[in-house]
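J.: First the structure, which I've put down as structure tokens, then a few questions once you've had a look.
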């Protein structure tokens, strides 16, 4: 039986700014059965995509991607904020609705030709996806898919990646 995860996402109005509805996944994370079910759905997606490794951007991508990698018995690679990784890194910058940021990965994190699925909690404008995909490709990997708990469809992130297979558990249209 499929789970309607939208029933377990808390909608917080005016957070972090007035006019924004924050989609909070912590109710899913707090319920072991729901968290396992969400993880399993994303793992099935990654398995179908032939993933060799899961990449998750800091910080919620760790919460989403690590259990997916564990379920599949494959590795997990973190894409971190600057100056968090101890060895030589590759970096990529990206724009957000409210500024810009940078992600980094160890230069040896992705092997040439590895098939990567990127996992994160939410896709909005797809800035984080853009930077993470750029890092993977710069290191010689191939992004075979991206999986999210939530997709904010009206922000058109998916449209920026017509050649990337994208999967989301819940899609929100409008506010």
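J.: Between residue 163 and residue 95, what is 0.36 nm times their sequence separation minus the Cα-Cα distance? Round to one decimal in nm.
T.: Working: separation 68, 0.36 × 68 = 24.48 nm, distance 2.03 nm.
The residue 163-residue 95 span can extend by a further 22.4 nm.
J.: Right, another one. Grab the DSSP H runs of the chain that are 4 residues or longer, score each as -39,500 (n - 2.57), total them, divide by all residues and round the 222 nm result to the nearest 500 deg cm²/dmol.
T.: Values: 4 runs with 47 residues, N = 175.
The helix contribution divided over the chain gives -8500 deg cm²/dmol.
J.: Show me the ranking of peptides 12-20, 39-47, 77-85 by mean Cβ neighbours inside 10 Å, starting with the highest.
T.: On the way: 12-20: 9.7, 39-47: 20.3, 77-85: 17.4.
Order by mean packing, descending: 39-47, 77-85, 12-20.
J.: Follow-up question, since we're still on this one. Order of 168, 91 from fewest to most other C-beta atoms within 10 Å?
T.: Values: 168 21, 91 16.
Ordered by Cβ neighbours within 10 Å, fewest first: 91, 168.
J.: Then there's this: How many angstrom lie between the Cα centre of the stretch 31-45 and the Cα centre of the stretch 58-102?
T.: Taking the Cα centre of the stretch 58-102 as reference, the centre of the stretch 31-45 is 20 Å away.
J.: Would you please put 48-59, 113-124 in order of how densely packed they are, using the mean number of other Cβ atoms within 10 angstrom per residue and starting with the highest? Intermediate values should be presented prior to the final figure.
T.: On the way: 48-59: 20.2, 113-124: 23.5.
Per-residue mean Cβ counts within 10 Å order the peptides as 113-124, 48-59.
J.: Then there is this: I'm spelling it out carefully: the read-out is Rg/Rh (Cα atoms, Kirkwood Rh), the candidates are (i) 1.01; (ii) 0.95; (iii) 1.05, and one was derived from this structure. Which label?
T.: (ii)
J.: Can you give me the relative contact order of the chain as a percent, contacts being Cα pairs under 8 Å and 6 or more apart?
T.: Values: 344 pairs, mean separation 32.1, N = 175.
Relative contact order comes out at 18 percent.
J.: While we're here: Report the FRET efficiency, 1/(1 + (r/R0)^6), for residue 11 and residue 111, where r is their Cβ-Cβ distance and R0 is 35 Å, rounded to 0.05.
T.: Numbers: r = 41 Å, r/R0 = 1.16.
Step by step, r from the Cβ atoms, then E = 0.30.
J.: Considering only DSSP beta bridges where both residues belong to the chain, give the percentage that are antiparallel (nearest 5).
T.: Values: 13 of 35 bridges.
Bridges in the chain are about 35 percent antiparallel.
Values in this text are rule-based calculations from the coordinates and carry no lab data. If you're wondering where the values come from, they're calculated on a predicted model, not measured in any experiment. Reconstructed Cβ throughout: ideal geometry from the backbone, glycine too, with neighbour counts over all protein chains shown.
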